[in-house]
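Starting off with a structure, shown below.
Just so it is clear, none of the values below were taken in a lab; they were calculated from the coordinates. Only a predicted model underlies this, so the values are computations on that prediction, with no experimental measurement involved. Counting neighbours? That spans all protein chains shown, and the Cβs are built from the backbone with ideal geometry, glycine included.
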Amino acid sequence: MQPNPEDSQLCRLALEKTLVTQDEAREAIARQRQLASNGTRYPLGDIMVELGYLTRAQLSRLRGDSEDSGSRPAQQIPGYQLQKKIGSGAMAVVYRAKQLSLDRIVAVKVLPKRLSKNAEFVERFYSEGRAAAALSHNNIVQAIDVGESAGFHYFVMEYVEGRTVYDDLAEGKVFDEQEAIQIVRQMADALRHAHERGIIHRDVKPKNIIIAPNGVAKLADMGLARAASDVEAAMAEAGRAYGTPYYISPEQIRGEVNIDHRADIYSLGGTFYHMVTGRVPFEGPTPSSVMHKHLKEPLTPPDHINTKLTGGCAAVIEMMMAKHRGERYPSCRELLEDLDRLARGEAPRYAQHALDHSVFDSLSQGEAQPVEREEIRPRREGAPMWIAVSLGVVAALSILLNIILAAA
């Protein structure tokens, strides 16, 4: 029996994803051949499910992946020559490509065909393109083109050579405070640009920050971005948590309708925290447990983990990650001012850290400060001793009086 191409592809994917072992794959193939010898044609994936090696859900995902692998859009996007795959995720595959008209390298994000049938995914894909196209900033990956060809939905963007912040963190790097400040400052300026144009990113995280060899940081992936004024979209998403659990803001977890730019400030704060401590702000065995901690648990101050951090840096991170958004920076402009002060070695203006600087500000202006005075009371530690002495004297006088009376 000649192996079926679809079965071969599915088996290869199952082995690559370690969903089955080599022995299990061989046993499933042997079972398929046995059935074929009796005149029964049975798909290999179904046999793996029957033998208990795969679940139906796993098989469904494998078949979707197999379909996408077997239908690469290599020459089906006009004007672009796809060269190699450089990344993939749940929502898209990203290729390095050449834009033929301008003879330049670009990145092309392609929506998998299995998701092309889902109107919500397609709309989210195009909303990313629209959001990116509305922005033009040195620290934001620039949109170039968006469209559909031969059933493939694609989004063309600036190609950035470099590493993500996540790549460095995954290798165990803890960023130096000043290095982290420079990267976070660039992201804060990128977000300022987006927010002032009514765009909220909603998924700021280390994987979405690319550092070019020249040190320029680029904010990528506008996949969850939407206009702050888009009430219809906000209502449609009400009650659903959109974002990445380790960096998501409390209001996103609650699925609130009126999400605003301060959600991005929280997520950037979570990224900043991870960069300078080497740890995510909250850990847990499941996404829901991590999100619960974002809602309920106090944040461990970052300078308690990395004692080399300045108090000012820790204060800025804590203000960015305040659970109530009214206690965060009101906008990225104030955040940028504090980051610039940190970069110069100065204390932040807006963030406070375990000390109310307003007292010192008032003193510097010559204002008198009321002082609470505590009443001083006499100490009474010796009272029991004096009582004992007094009783002793009384007893002695009583004995002496009895002796005198007896003598008389």
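Pulled fully out, how much extra length does the chain show between ALA57 and ASP176, if you take 0.36 nm times their separation in residues and subtract their Cα-Cα distance?
38.5 nm
Length gain on complete extension for the stretch ASN38 to LYS323, per 0.36 nm per residue less the alpha carbon to alpha carbon distance?
Details: separation 285, 0.36 × 285 = 102.60 nm, distance 6.51 nm.
This chain segment gains 96.1 nm when fully extended.
For LYS323, enumerate residues with amide H under 5 Å from its amide H, sequence gap 5+ or separate chain, H modeled in the peptide plane.
Counting only residues 5 or more places away or on other chains, the set is empty.
On to the next question. Which lysines does LYS173 reach when only Cα atoms under 29 Å apart count, and residues fewer than 8 places away in its own chain are ignored?
Correct list for LYS173: LYS17, LYS84, LYS85, LYS109, LYS205, LYS207, LYS218, LYS293, LYS296, LYS308, LYS323.
For the range 73-144 and the range 146-202, what is the centre-to-centre distance using only Cα atoms, to the nearest Å?
15
Quick one: which of 184-193, 53-62, 327-336 comes out on top by average Cβ neighbours within 10 Å, and what's the full order, highest first?
Sorting 184-193, 53-62, 327-336 by mean packing, highest first, produces 184-193, 327-336, 53-62.
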